[in-house]
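First the structure, in the form of structure tokens, and then the observations on it.
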Amino acid sequence: MDIRKTVLITGTTGAIGSMHLLELLKRNYRVICLVRGNDEVDRFKRLAAVVGQDIASRVQIINGEITQPLAGVGWEIINRLRGEVDIVIHHAGSIKFDRKWQNEIMATNIGGTANMLTLAKALSVNYFCYDSTAYTLNQIPRNPYEESKQVAEKMVLDWHSGKSMVWRPSIVVGRLSDGVTHGFNGYYGFFSGFFKLKEHLSKKWALNPEQCRVEGFEFTEKGILILSQPLCIDYSRESTLNLVAVNWAVSAMTDLMETARWNTAYNVVSTDPPKVAWVIERSFDILGIENVKRLTGNINVGMTSFWRNIQTTINSQLERFWPYINYEPVFISDALTPAPIVDLQFLKIMLQYAIQENFGYRK
Ligand SMILES: NC(=O)c1ccc[n+]([C@@H]2O[C@H](COP(=O)([O-])OP(=O)(O)OC[C@H]3O[C@@H](n4cnc5c(N)ncnc54)[C@H](OP(=O)(O)O)[C@@H]3O)[C@@H](O)[C@H]2O)c1
């Protein structure tokens, strides 16, 4: 496909879409961003807060809410842009997993994609790219998110008004060079509760170390939190965890869009993922937390109520991740270049940025 085409892209205030916007501008595409917001100023501010004012000024921003018919885009804009847009890239979606969010997940991922396909038709767009997930390759969906993505990608591949392409990235983390990300979900969401716990305990430690030792924890001079009694997580020794850097993922998607066959789904994954146990254990080393163990036996035996409460909170926070840390299919990558290797340095880059940004929590 020729470059300098016009792309209408959704999800540019999010983790993947924002980086894809940078990649498209780098490759000289003309870009129109569909952003939700109260008014023009608000939409500009919301985009600029993520990608910076310079980048936000280089694109056209249109108002859109994908759960609305025609993704909430008004007829005046549709009439103005008809025939102007070559490709739609649809990233916007809900990345929640829990069943309690089922309605929102379905409305956003299935309804939102249906609305974007209708919008593409109304705009006379010929090419439609959709950001799905590699985990649709689980034949039986394990949560409403995977279910919604299976349905949505089928709708995209069945679209008859033009050609379509589905990208199936695995778990997307920050930029390889500096760890920058505009979303702290997925991999980060798994560790953010432990990060907050460490912060909380370090405040207690600053006030009364002796009492902390009695309660069962201490901090070393280097700031490592040592738990005298293990906290437990139930994860597999054998399964892998497929992490990919966002800059690689958006570049791989764009390469496919420019060169690969249409009406096809492509896995955007690592071919050599590490074991999930290695990722979890090394990530705790980097976070400076000692004595979080793989689940063994009855976690409550011998625990004081202080630690039992912490363990219970952790269990409820991590419940939604359980399938991902216990089973992963073997994915075959369709990307044209191999994904960066996930080694200790890779994890350090990602987590050091997350720590610097307080895992996305307000400081
Ligand atoms: N993150 C991953 O590891 C991963 C892996 C595989 C696939 N994916 C897929 O990649 C896509 C982007 O994920 P992400 O991690 O970048 O998510 P994210 O950081 O949560 O960003 C989601 C984006 O979608 C927009 N959006 C959500 N609901 C919308 C609505 N109703 N109308 C208009 N815009 C809406 C958000 O806009 P607001 O700022 O207005 O909320 C935001 O720009 C999703 O489709 C996800 O399923 C993600």
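Worth a mention:
- Subset tally (residues that are touching a strand residue (DSSP E or B) at 6+ places or on another chain (Cβ under 8 Å) and of a type in the set (Asp, Glu)) for the range 16-39: 0
- Looking only at the range 318-363, and only at residues there that are under 18 Å from the mean Cα position of the chain (by Cα) and hydroxyl-bearing (Ser, Thr, Tyr), the one that is surrounded by the fewest Cβ atoms within 10 Å (Cβ to Cβ): Tyr361
- Criterion violated by Leu47 - all others in (1) surrounded by fewer than 18 Cβ atoms within 10 Å (Cβ to Cβ); (2) within 11 Å of the ligand (Cβ to nearest atom); (3) hydrophobic (A, V, I, L, M, F, W, C) satisfied: (1)
- Meets criteria (within 18 Å of the chain's Cα centre (by Cα), farther than 23 Å from Pro329 by Cβ and either near the ligand (Cβ under 10 Å from one of its atoms) or not basic (Lys, Arg) (or both)) for Gly112: yes
- When residues of the range 212-238 are limited to those that are among the small types (Gly, Ala, Ser) and touching a Ser or Thr at 6+ places or on another chain (Cβ under 8 Å), the one surrounded by the fewest Cβ atoms within 10 Å (Cβ to Cβ): Gly223
- Strands (runs of 3 or more DSSP E) wholly inside the range 14-103 that include at least 2 residues being among the polar types (S, T, N, Q) and more than 22 Å from Gly174 (Cβ to Cβ): 60-63
- Hey, Leu117 surrounded by 17 or more Cβ atoms within 10 Å (Cβ to Cβ), farther than 30 Å from Arg362 by Cα and either in the same structural domain as Glu84 (by TED's automatic domain parsing) or out of contact with any Leu (no Cβ under 9 Å at 6 or more places or on another chain) (or both) or not: yes
The values are calculated or read from the model by the stated rules, or taken from the named source; none is laboratory data. Here the structure is a predicted model, which means the values were calculated and not measured. Backbone-built Cβ (ideal geometry, glycine too); neighbour counts: all protein chains shown.
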